[in-house]
Amino acid sequence: RLGIDYGISDRLSVGIGRTSREDNVDLRFKYTLLQQMRSDKIPVEVSLKGDLGINTQEERRFDFSFQDRLNMFGSIAIARRFSDRFSFQVAPMVSHFNTVVIETVDQAPEHTHYGTGFGGEFRLNMKHSFSFEYFAVLGDRTKGTQNPMAVSWQIDTGGHVFQMFFMSGNWFTEQHLLARTTNEFFAGDFRLGFNVNRVFGL
């Protein structure tokens, strides 16, 4: 996946990305409603996040319309930095796919999935940190899917952030991870991945 985000303000960012799986192109935004204050007058940070994707992959079996190809995601992230070393986040979330292709006759289509995401980061020092995330699907789910999980080690060089991670999902947007993860982390079904993040000042 290759993506770029632009910070319109300190609270609002928008972005676009493309994932090689299903040639999914997505537009996203993040808006911070509340920012945590050191005085604890505001003890948490609250953000809204949304993502709208479209599957642009050529499909030979079906004649999909533009609307049929859409997928979307929304969440409210509630985060708190408890110390200079540890922060934690909880995020109620929902994903929706306008079209769900049934691969087996005993599979019931679930277009909408609800869940709660949990994530945290522990900083070892100024350059190194460990983080994790876990999405718990709540209610009905697509048969054969699992809750996605990932752990990572991050290195901050001052200009770039390198992230090496193990994750059970093989998707790159939250809506796909929540609805379509079929691997189980603790069964050894995980992948080794690598991210590079770079911030540019304009």
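The values are calculated or read from the model by the stated rules, or taken from the named source; none is laboratory data. If you're wondering where the values come from, they're calculated on a predicted model, not measured in any experiment. Neighbour counts are summed over all protein chains in view; Cβ atoms, including those assigned to glycine, are modelled from backbone coordinates with ideal geometry. Protein only, heavy atoms only, side chains kept; ligands, DNA and RNA dropped before computing areas. Shrake-Rupley method; radii C 1.70, N 1.55, O 1.52, S 1.80 Å.
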Looking only at His160, His176, His96, which one moves most when the chain is put into a Gaussian network model with springs between Cα atoms under 10 Å? His160
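Count charges around Glu59 for me, please; just the other residues with Cβ under 12 Å from its Cβ, Lys/Arg as +1, Asp/Glu as -1. Spell out each step's value before the answer.
Working: positive: Arg60, Arg61, Arg69; negative: Glu22, Asp23, Glu58, Asp63, Asp68.
Residues close to Glu59 contribute a combined charge of -2.
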With a 1.4 Å probe and all protein chains left in place, how much of the accessible area of the range 47-106 comes from carbon and sulfur atoms, in whole percent? 57
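Please identify every one of the chymotrypsin sites (Phe, Trp or Tyr not before Pro) in the range 93-202 that sits in a loop by DSSP and has no more than 15 other beta carbons within 10 Å of its own beta carbon. Show your work: numbers first, answer last.
On the way: sites: Phe97, Tyr114, Phe118, Phe122, Phe130, Phe132, Tyr134, Phe135, Trp153, Phe162, Phe165, Phe166, Trp171, Phe172, Phe185, Phe186, Phe190, Phe194, Phe200; in loops: Trp171, Phe172, Phe190, Phe200.
Listed in order of number, the matching sites are Phe200.
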For the pair Ile102 and Asp189, what calculated FRET efficiency results from E = 1/(1 + (r/R0)^6), where r is the Cβ-Cβ distance and R0 = 25 Å, to the nearest 0.05? 0.65
The answer for the range 22-65, accessible area per residue at 1.4 Å probe in Å², is 69
Select from Val25, Val90, Val101 the residue whose mean-square fluctuation is largest in a Gaussian network model of the chain (Cα-Cα springs shorter than 10 Å). Val101
Skip the ligands, DNA and RNA, and give the accessible area per residue of the range 88-129 with a 1.4 Å probe, whole Å². 56
How large is the helix-only mean residue ellipticity at 222 nm for the chain, computed as the sum of -39500 (n - 2.57) over DSSP H runs with n ≥ 4, divided by its residue count, in deg cm²/dmol to the nearest 500? -1000 deg cm²/dmol
Would you mind classifying the range 31-158 by shape? Square roots of the alpha carbon gyration tensor eigenvalues, ordered a ≥ b ≥ c; an a/c under 1.5 is rounded, otherwise it is prolate if a/b is larger than b/c and oblate if not. prolate
Loop sites in the range 20-74: GluC sites (Glu not before Pro), DSSP, at most 11 other Cβ within 10 Å: Glu58
Proximal lysines relative to Lys49, as straight alpha-carbon distance under 25 Å, when same-chain residues fewer than 8 apart are discounted: Lys30, Lys41
Residue of Gly115, Gly159, Gly17 that the Gaussian network model of the chain assigns the largest fluctuation, springs spanning Cα pairs under 10 Å: Gly159
